[in-house]
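As structure tokens, the structure follows; a few thoughts come after it.
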Amino acid sequence: MSFFRIYVDGSLFYHPNLSKLAITQAKVSEDAESIDCLTLSAPYNHPYLDSVHPMASVIICKKGETIVFEGRAMDDGSDFYNTHTWKCESCLAYLKDTVQPPFSYKGPIRGLLEHFISVHNSTVEEQKQFTLGTITVTDDNDYISYSNSEYSVTMDAIKSKLLDTHGGYLQVRYSGETKYLDYLADFNTRTLQTVEFGKNLLDVKISRDHTERATALIPLGAQKKGTDEDGNETETNTRVDITSVNDGKNYICDETAVAEIGWIWVSEVWEDVTLPSNLLRKAKTRLADLVKGVTSIELSIVDESDTGADIEDIRARMYVECISKPHGINGTYLVVSRTRDYLNPSGNTITIGASGVTLTSASAKQDRNIEALEEDLFGQTSKIETISGKVDDINAQKMYRTELVVDGVNIFRDRGQTSRMHCKVYSWDKNITDTLSASAFAWHRRSGNSAADEEWDASHSGMKSIIITTEDVQDNASFFCEVTL
């Protein structure tokens, strides 16, 4: 099982096996359409509280050798018990630290993003720089034309000139020491895990937002070209519309939806579309989404990787097979967002469906990507079967964890010093220590004298807490508790 660890500016801040570095919360919220977030909390006696400097410190979370979060703290605070909490944003937010000067660009999509990243990298320190990675978003003509007469934040420029007009997702990807920024039309990773009712699916919440519905759409394309008195080509204030290919009407509507909820009008602009026929095609596809509103499905799950299975965990920006016949869910869906509490796995959720599109639309887009993903899983059936046996009875099982708490010093320097060490047992996030018999607890010492360690172990069985003295530590020793349930 891969350990979850946290580093602040390269130094270890949390490790599950070091009670001195205990924390009280580590919750990562991943969002395929936005910037990931981390909520980090630590008790008042954490030795490295002062090492976290908002907006300056680099915070990295790893599970095994995989980076699951990199970013910075935005703010900090403390509660009644002086527990310190930091709200953190992922490294994608570094793109909010720079501005793009006025520019004029004509060419392929990759060239524009290269320009934005080049300007960004030239004005920030190395830690905030990106290497341009994979780009799978395409344009019908492989040619775009954009300009801006004002300074704009890099993230805003990318959103307005690329994401809003061509769709797709930004993704930070790591390869060795290199941090890549990908711009993807769709994600190409599929987890081996399956989320299934009666197995590892704990709860289902389906939300439908009807306030986003519309029944009539006025689509607008690129600004039309004209010539000035000197014969130079210029942009006019008129945009391409669909009048010439839509019986003289500049809008389309869904008559069934109009009869149901009435006329609800919206207008959208496709900056790169220059042909009325292409604009009409895009508008029809968009209206099909708008008439249905937004559907979002949140699933509370047990991640098989938390059970000790040797399998990659479920994360946002990957596909997962979800089966729940009572809720009408049966297919492979994109995980749009993922909330993972690394200390309390029972709070883990994934969301399938997306803000601004319907589940039907998302599924249609996903179907085009599933066939390629199937090939990646070919030949791995035996691994899936081996792992699935570990979670078949997951509803009847509970996930347990122990936590060692030290009252007193962790390092003995003088004679006569003592500390009390407690072993707390949790079932999910519930402390069940008091419900267990003391006979379930067996303490162990590891030092340079194995014979003395065996004698020490024999005299410290059947206790939920122990007193450690200078004599117990001798030259050097470590302690742990074994709990039998």
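The values are calculated or read from the model by the stated rules, or taken from the named source; none is laboratory data. Model, not experiment: these values are computed from the prediction. Here Cβ is always computed from backbone atoms with ideal geometry, including for glycine, and neighbour counts include all displayed protein chains. Ligands, DNA and RNA are stripped out before the accessible areas are found, and what is left, the full protein with its side chains, is counted by its heavy atoms. Shrake-Rupley method; radii C 1.70, N 1.55, O 1.52, S 1.80 Å.
Can SER277 be described as under 17 Å from the mean Cα position of the chain (by Cα) and of a type in the set (S, T, N, Q)? Against the criterion (under 17 Å from the mean Cα position of the chain (by Cα) and of a type in the set (S, T, N, Q)), SER277 does not qualify. Scanning segment 200-220 for residues that are open to solvent by 30 Å² or more (accessible area, probe 1.4 Å) and in contact (Cβ under 8 Å) with a residue 60 or more places away in the chain yields LEU202, ASP203, LYS205, ILE206, SER207, ARG208, ASP209, HIS210, THR211, GLU212, ARG213. Being touching a residue at least 40 places away in the same chain (Cβ under 8 Å) and open to solvent by 80 Å² or more (accessible area, probe 1.4 Å) is the requirement here; does ARG446 meet it? No; evaluated as a whole, the condition is false for this residue.
Tell me which residues, restricted to segment 5-47, are in contact (Cβ under 8 Å) with a residue 12 or more places away in the chain, in a strand (DSSP E or B), open to solvent by 20 Å² or more (accessible area, probe 1.4 Å) and not basic (Lys, Arg). Give the steps one after another, and end with the answer.
So the first thing to find is which residues in segment 5-47 are in contact (Cβ under 8 Å) with a residue 12 or more places away in the chain, and the list is 5-11, 13-17, 19-33, 35-44, 46-47.
Checking which are in a strand (DSSP E or B) leaves us with 5-8, 11, 13-14, 25-31, 37-42.
Next, only the ones that are open to solvent by 20 Å² or more (accessible area, probe 1.4 Å) stay: 5, 7, 11, 14, 25, 27, 29, 31, 37, 39.
Selection gives TYR7, SER11, TYR14, GLN25, SER29, ASP31, CYS37, THR39.
Considering segment 298-343, the residues that are part of a strand (DSSP E or B), of a type in the set (A, V, I, L, M) and open to solvent by less than 10 Å² (accessible area, probe 1.4 Å) include one that is modelled with the lowest pLDDT, namely ILE329. Scanning segment 129-170 for residues being buried (at least 16 other Cβ atoms within 10 Å of the Cβ), at pLDDT below 90 and under 13 Å from PHE116 (Cα atoms) gives a total of 1. Using the structure shown, decide if THR285 is assigned to a helix (DSSP H, G or I) and either more than 18 Å from GLY167 (Cβ to Cβ) or at pLDDT 95 or above (or both). Criteria not met by THR285. Evaluation of LEU280 against the conditions (1) open to solvent by less than 30 Å² (accessible area, probe 1.4 Å); (2) outside any helix (DSSP H, G or I) shows that the sole unmet condition is (2). Cβ-Cβ distances below 6 Å connect the following pairs, each with a first residue in segment 411-424 that is farther than 27 Å from ARG401 by Cβ, a second residue that is modelled with pLDDT under 75 and assigned to a loop (DSSP other than H, G, I, E, B), and a separation of six or more residues or different chains: GLN417/VAL409.
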